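Engineer: Just dropping this structure here.
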Amino acid sequence: MRLAGTARRRVAVVGAGAVGSMAAWQLAERGLEVHAFDRWGVPHHRGASGGQTRRFAVISMGDPDLPPLVLRAERLWRRLEEATGRRLLEQTGGLILGPAESASVGRAVASCESWGLAHRILDAPDLRQRFPQHAVDDADIAVQDPATGFLRPELAILAAIEQAATLGATVHHDTEILDLDVRPETVGLTYRSSADRPHSETFDAVVLAPGAWAATLLPDGLREAIGVTGLTARRLAQTWFAPDDLSLYGAERFPVFERVAMPDGASIYGFPSQDGATVKIGVKSRPHPEVADPARPDPHLTADHMAEIRDVVGRWLPGLNPRPVQTTVHVESYTGDGRPVVGLLPGAAHVAVAVGFSGGGFKYAPAVGDALGDLLVNGVTEAGIRRFAPGRSARV
């Protein structure tokens, strides 16, 4: 197998998180010599992909062209499960709740109708009867669908890296990239593991998927070429709560949900209990704060932030004790327009970029890895990622 138009075969993958691990798997499957590098090892808790669960949903309220990419990813998730024997995707069904007249709910319905996605509309009495865990206003409806569910992020990344290694990839755990030199036809990397002196190697191509470290790892000139000079690292908080009656919060009675267009400006999402004791709820009540050093995010939430979380959970999920029993923080790269940057670097067909997923990319990470494999091997891909291209006109 050859990279597009050349005999290049050695590919470095910088960052082996959600997207990098999938790219390593797909490139190794195509027969390339793959070297995957991660500063913290695989898996680890420091990036954007920790915390037991990530929401999987084909319905899109933000990007009307996203469902085909997620459906492509769904097939790859199942293929990765078959190859590794790990259960990664649970499709419990899902709910999108909110006022019937809200734009977000309207976009959810339009997404289903545009792409022929199975769904039904539940009114307020239906919701109160079937899902008493939620506080429901008279104007609320819900879009219910069978395809929504959750992914196990830590296991998913591990599965992809395991499969890449099975196919011949070399995984460099606990290895920091010290220098990245993009040359006209090759890429030079200088790196160091925790116990070694710095090493320098030349690769024929590279996938850049460093997550929140993109803003600090990528040289200024490369960030400008990508078109993401304003790329930022932001901190996300995840919280777990104790239910009054745990029997109401298993997957069969409490599907994955997202509540939108709330009167206080917040939104919430949640998952059925995974540990048989608590329920994970995400509360979006304020912008995610920027992080200067993604290796050292502040692990503490302010008293005001905690009060907002208690107020939102107490109002909309009355069966949960509103004081979280566990809180974790993670870091992710964000763009100004909320869309990732995915594709080949303009004028450098040996450099693939995948950054800025803005907290929403895990569900379609295998499709991105597959697209990057296509691009580096064939120069083209059938995946619908053109609107994510590096150097696109939208400044971020």
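The values are calculated or read from the model by the stated rules, or taken from the named source; none is laboratory data. This structure is a prediction, so every number in the text was calculated from the model and none was measured. Note that we place each Cβ from the backbone using ideal geometry, even for glycine, and neighbour counts take in every protein chain shown. All accessible areas refer to the heavy atoms of the entire protein, side chains included, with ligands and DNA or RNA removed. Shrake-Rupley method; radii C 1.70, N 1.55, O 1.52, S 1.80 Å.
Engineer: For the range 52-80, how many residues meet the condition of being among the small types (Gly, Ala, Ser), over 21 Å from LYS280 (Cβ atoms) and modelled with pLDDT of 95 or more? Let's see the steps before the verdict.
Structural biologist: The initial filter retains those residues of the range 52-80 that are among the small types (Gly, Ala, Ser), namely 57, 60, 62, 73.
Filter once more, so that each one left must be over 21 Å from LYS280 (Cβ atoms): 60, 62, 73.
Filter again for modelled with pLDDT of 95 or more, leaving 60, 73.
Within the range 52-80, residues that are among the small types (Gly, Ala, Ser), over 21 Å from LYS280 (Cβ atoms) and modelled with pLDDT of 95 or more number 2.
Engineer: Can you find a residue that is open to solvent by less than 30 Å² (accessible area, probe 1.4 Å), at pLDDT below 95 and outside any strand (DSSP E or B) anywhere in the range 215-225? Don't jump to the end; show me each part of the working.
Structural biologist: Start the filter on the range 215-225 by keeping residues that are open to solvent by less than 30 Å² (accessible area, probe 1.4 Å), which leaves 218, 222.
Add one more test, that the residue is at pLDDT below 95, and what stays is 218, 222.
Then keep just the ones that are outside any strand (DSSP E or B); that gives 218, 222.
Looking through the range 215-225, at least one residue is open to solvent by less than 30 Å² (accessible area, probe 1.4 Å), at pLDDT below 95 and outside any strand (DSSP E or B).
Engineer: Could you grab me the full set of residues in the range 59-92 that are more than 16 Å from the chain's Cα centre (by Cα) and open to solvent by less than 10 Å² (accessible area, probe 1.4 Å)?
Structural biologist: Matches in the range 59-92: LEU80 only.
Engineer: Can ALA18 be described as touching a strand residue (DSSP E or B) at 6+ places or on another chain (Cβ under 6 Å) and among the hydrophobic types (A, V, I, L, M, F, W, C)? Break it down into steps so the answer makes sense when it comes.
Structural biologist: Numbers: touching a strand residue (DSSP E or B) at 6+ places or on another chain (Cβ under 6 Å): no; among the hydrophobic types (A, V, I, L, M, F, W, C): yes.
No, not satisfied.
Engineer: Moving on. Just need a number here: residues in the range 191-214 that are open to solvent by 10 Å² or more (accessible area, probe 1.4 Å), within 16 Å of LEU178 (Cβ to Cβ) and under 21 Å from the mean Cα position of the chain (by Cα).
Structural biologist: The total comes to 2.
Engineer: Consider the range 296-315. How many of its residues are within 12 Å of ASP264 (Cα to Cα) and surrounded by fewer than 16 Cβ atoms within 10 Å (Cβ to Cβ)?
Structural biologist: Selection size over the range 296-315: 2.
Engineer: Of everything in the range 243-280, what is surrounded by 14 or more Cβ atoms within 10 Å (Cβ to Cβ), out of contact with any Pro (no Cβ under 8 Å at 6 or more places or on another chain) and hydrophobic (A, V, I, L, M, F, W, C)? Give them in sequence order.
Structural biologist: Hits for the range 243-280 are LEU246, PHE257, VAL260, MET262, ALA266, ILE268, PHE271.
Engineer: Further question: Taking only pairs six or more apart or across chains, which ones have beta-carbon atoms under 6 Å, a first residue in the range 124-145 that is free of Cβ contacts under 8 Å to residues at least 60 places away in the same chain and open to solvent by 50 Å² or more (accessible area, probe 1.4 Å), and a second residue that is in a loop (DSSP other than H, G, I, E, B) and not aromatic (Phe, Trp, Tyr)?
Structural biologist: ARG128/VAL136; ALA139/ALA100
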